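Contents: one structure, followed by commentary.
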Amino acid sequence: MIRFDNLSKRYPGGFEALKNVSFEMEAGEMAFLTGHSGAGKSTLLKMLMLMERPTSGNLLINGKNLNRLSNSQIPMYRRQVGVVFQNHQLLLDRTVFDNVALPLQVSGYPSSEIGRRVRAALDGVGLLDKEQQKPIALSGGEQQRVGIARAVVHKPRILLADEPTGNLDPELSSEIMALFRRFQNVGVTVLIATHDISLINRMQLRIMRLEEGELSDDGATYVS
Amino acid sequence: MTVLPMSANQRAGRDGAQRGASGKNIRFGDRWRGYKSHHRATIRESLGKLLREPLQTLMTVAVIAIALALPAALYLTVENIQQLGSNFESSAQITVFVKKGAQPQAIESLRTQLDGLSGVDSTTYISAKQALLEFKALSGFGSALRDLDENPLPAVFLVQPAVSEPIDMGQINRLMTKIASFAVVDDVQIDMVWLQRLHSLTEMGRKVALALGATLGLGVLLVIGNTIRLSIQSRRDEIIVIKLVGGTNAYVRRPFLYTGLLLGLFGALSAAIMIYASLLWLSSSVASLADLYQSQYRLQGLGFVGFLGLMGLGGMFGLGGAWIAVSKHLRDIEPK
């Protein structure tokens, strides 16, 4: 499903954020991406979102090389991907419902279909009763769950999460992880970037560790 | 607080949708309906955003209105002067003085000759006697003329040339030379130099209006572009999120294009109202002035076509300004 092939990213100024990164993830697989801040986790996710393009090497999604996608094809690609951001990136002037509906609106779904799917997604994260509230009125954990509902409402094949449990206490973190597990169970490929080691160690999942842009460790299920 | 387990109902919905499509195979009809309702919603939203900041909107609209009204008013002025000129043009006559003592047969053959010329619309003959009567009636020198033994006035042909727009002075000059060469013709006169000058002036005025229009049009483009740029600044996050969830550039552009279009149209509408108001204010004095000269001349307004043209220009400038501003921003956030 996801294949990094000797991918490097050098920023203008010479900083190498990723150095010859190669790995593969199967469809329906769930894995952690870890490493210190600045190790390249966010850059790697940005590659997967096509927010940035590699300096060299290839990134294949479902056999398709993302380097060959023109800028005008990016929106179509992004509609297959869901992203959960650390700072949740919710639009504060819109209701919870409108925030979650956004990925469907940009894809041109009719409003009846949007209503049905948004409510299903909000029900999935347990926030069906909050749909008419503004995100600012919600707690941190609730905001993060709205972000997750938005990331999955269009049934993406790949779900990316950047520090999804960043500011949450362990109990909330576990709930969020349980949610991700459920998406994995219906066949979504899930990649979670985090440096929350206690969380990683509770999950028994594949771990990829980045160190100064290089993939230093891949396959362990426990970090000491 | 716990996360609820997935309800049976929801699981069914999820599975059903999973089987159907992963979000790509939306039926065309549904897509079209979604597209239309999205456009409606976007117009409503753009209008709402403009109305929520009435002062800002009013100021922008006023600037656009003034910038559109100035060249439009100048153009209208030129058109009106042109109209005034062509009123005189149609009465532009060549006066052909017949030699004193010309025989009636010679005059008759001159009439035939004149009528036969190409470029002549019609001729009118005024005999010396008729001319004298007219002169007595109009001049008030009747008693003085009675003392003269002999009629001092010559017989005259009034030749109406077939004039086309714009007047071809060369053609008229050739016609006059031709007429002057006829046997019993004493003199040929026309007073059209001032008409020609008027023509050059209106032509110049039209060019000034065009140049002013182009300059101020550029101004409108910049004003709208800047307004849209500010509105983009305040919606940066929204644009980023929309792009991240797979929104196309067209989707991002749309609300800003509508905002620009609405600003341009409101500006053009206000410009039209300003022009109509000034015409209303001027028309009565112009009418009384024209009446003093026994003229049926009245001020010409924009007319329906002119109004549509003004609206079209305003809308185009609005769309253009918005397009430039959004495209620049979208280029800046393309992946590198």
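Only the coordinates and a few stated rules stand behind these numbers; no lab work does. This one's a predicted model, so the numbers in the text were calculated from it and none came from an experiment. Heads up, the Cβs are rebuilt from the backbone with ideal geometry, glycines too, and the neighbour counts pull from every protein chain shown.
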Roughly how many debye, to the nearest 20, is the charge dipole of chain B about its Cα centre, given +1 on each Lys and Arg Cβ, -1 on each Asp and Glu Cβ, and no other charges? 2960 debye
State, as an integer percentage, the relative contact order of chain A based on alpha-carbon contacts under 8 Å between residues 6 or more apart. 29 percent
Can you give the FRET efficiency for A:Arg94 and A:Leu69, using 1/(1 + (r/R0)^6), R0 = 22 Å, r = Cβ-Cβ distance, to the nearest 0.05? 0.15
Dipole of chain B [Lys/Arg +1, Asp/Glu -1 at C-beta], most positive-end residue of B:Gly315, B:Gln105, B:Leu153: B:Gly315
Among B:Ser118, B:Ser284, B:Ser143, which one shows the highest mean-square fluctuation when chain B is modelled as a Gaussian network with alpha-carbon springs under 10 Å? B:Ser143
At a threshold of 8 angstrom on Cα-Cα distance, excluding pairs fewer than six apart, so keeping six or more, what relative contact order does segment B:93-191 reach in percent? 50 percent
Let me check the size of segment A:87-155 from its C-alpha atoms; what are the radius of gyration and Dmax in Å? 10.6, 31
Listed here are the pairs B:Lys99/B:Lys129; A:Lys19/B:Lys336; A:Lys155/B:Lys243; A:Lys9/A:Lys155; B:Lys49/B:Lys328; which of them are more than 19 Å apart at the Cα? A:Lys9/A:Lys155; B:Lys49/B:Lys328
Gaussian network model of chain A, Cα springs within a sub-10 Å range: biggest mean-square fluctuation belongs to which of A:Ile192, A:Ile74, A:Ile114? A:Ile74
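Roughly how crowded by other chains is peptide B:229-238, in terms of the mean Cβ count from those chains within 10 Å of each of its Cβ atoms?
Numbers: counts 0, 0, 0, 0, 0, 0, 2, 0, 5, 6.
Shielding by partners across B:229-238 averages 1.
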Debye, to nearest 20: dipole size of chain A, +1 on Lys, Arg Cβ, -1 on Asp, Glu Cβ: 780 debye
Suppose every Lys and Arg Cβ carries +1 and every Asp and Glu Cβ carries -1, with no other charges. What dipole size does segment A:87-155 come out with about its Cα centre, to the nearest 20 debye? 140 debye
Taking Cα pairs closer than 8 Å and at least 6 residues apart, the relative contact order of segment A:87-155 in percent is 50 percent
